[in-house]
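So the structure is just underneath, and the comments pick up after that.
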Amino acid sequence: MSPLDRVVFGFLLVDAVVLALVELLFLPSYLGTVQFPITAAVAAVTTPLLVAEAARLSPRRRIAGAPLVVWFATVMVFGAFGPGGDLVLLGNDWRTLLLIGAGALPSAMMLGVVLGKRARG
């Protein structure tokens, strides 16, 4: 990786942390009286893009999967040990599963697609 690629990769990791924090903070949002976890949709769109861009920078699996790992770790750590001791991720709430699934599954699929293309060609 070139020095510029390393800087871009660092920004991708910082972006993964920032996105995870924003998605956690707005997860319990409501639209009127209806629960409205729009951040799950944001996670479903942004995390695969981070993985695809990291895979473009380097053919190594560690580099390509790093944004997914950083995003997941940030969601788990800050969701369990939130600011002021608040528990953001609740085990019995469907929004928790939706956020984790919407962020992790499309990213894992994108990682498989990118690595599969490299293996074939």
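Readers should treat all values here as calculations from the given coordinates under stated rules, not as data from a laboratory. All figures in this text were calculated on a predicted structure; none of them were measured in a lab. Because the Cβ atoms are built from the backbone with ideal geometry, glycine has one as well, and the counts that use them run over all protein chains shown.
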request  = Determine, for Val88, Val113, the number of other Cβ atoms within 10 Å of each Cβ, and report the residues in order from fewest to most.
outcome  = Val113, Val88
Computed P(r) (all Cα pairs; the chain; 5 Å bins; percent) = 2, 12, 21, 21, 17, 12, 8, 5, 2, 1, 0
ask   = Between Leu25 and Phe81, what is the label-to-label distance in nm when each label sits 7 Å out along the Cα-to-Cβ direction?
value = 2.0 nm
